[in-house]
Amino acid sequence: MPVIHTHVSVSTTPEQREALKAAYGKAITAVPGKTESWLMCPFEDNMPIYFGGNDSKPAAYVEVNVMGSNIDRSVWEAMSTQIMDALGSELGIPADRTYIRYTATGDWGWNGGNF
């Protein structure tokens, strides 16, 4: 039940979103028990994102949410590298203008109920 929600300040094409989704599908496997088959990837582009007081360069804010608890920090570190590399290669967004927020929760709703 992972979600990787991407907010970027640049325009994206369907092809770029597909490439990012594929990269995220590989990255999510760093989390034990998670696969692309349950991965949701909402994308929001053309967002005004001020970083360091200005919006003159491309920037990204990514939220990674998973069902679970006690995720080892090394998992998030591996995902950060993969996500930032994908954003850089696909959209030209540098790693130093990207924030990623990781959240793990034991409560997750789906299909009219909770897991």
(request) State the label only: which of [x] 14.3, 44; [y] 17.9, 60; [z] 13.6, 43 corresponds to Rg and Dmax of the Cα atoms in Å computed from the shown model? (result) [x]
(message) Can you list residues from other chains, or at least 5 along the same chain, whose modelled amide H is less than 5 Å from the amide H of Ala59?
(response) Ser9, Val10
(request) Count the net charge of all other residues whose Cβ sits under 10 Å from the Cβ of Thr6, scoring Lys and Arg as +1 and Asp and Glu as -1. (result) -1
(message) Just to confirm, what accessible area per residue do you get for the chain at 1.4 Å probe, in whole Å²?
(response) 56 Å²
(message) Below 8 Å, C-alpha to C-alpha, sequence gap of six or more: please give me the relative contact order for the chain in percent.
(response) 34 percent
(message) How charged is the neighbourhood of Leu39? Take every other residue with its Cβ under 15 Å from the Cβ of Leu39, and add Lys/Arg as +1 and Asp/Glu as -1.
(response) +1
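The values are calculated or read from the model by the stated rules, or taken from the named source; none is laboratory data. Predicted model, so just to flag it, every value in this text is computed and none were measured. All Cβ positions, even for glycine, are placed from backbone atoms using ideal geometry, and neighbour counts span all protein chains on display. Please note that ligands, DNA and RNA were not included when accessible areas were found on the heavy atoms of the full protein model with its side chains. Shrake-Rupley method; radii C 1.70, N 1.55, O 1.52, S 1.80 Å.
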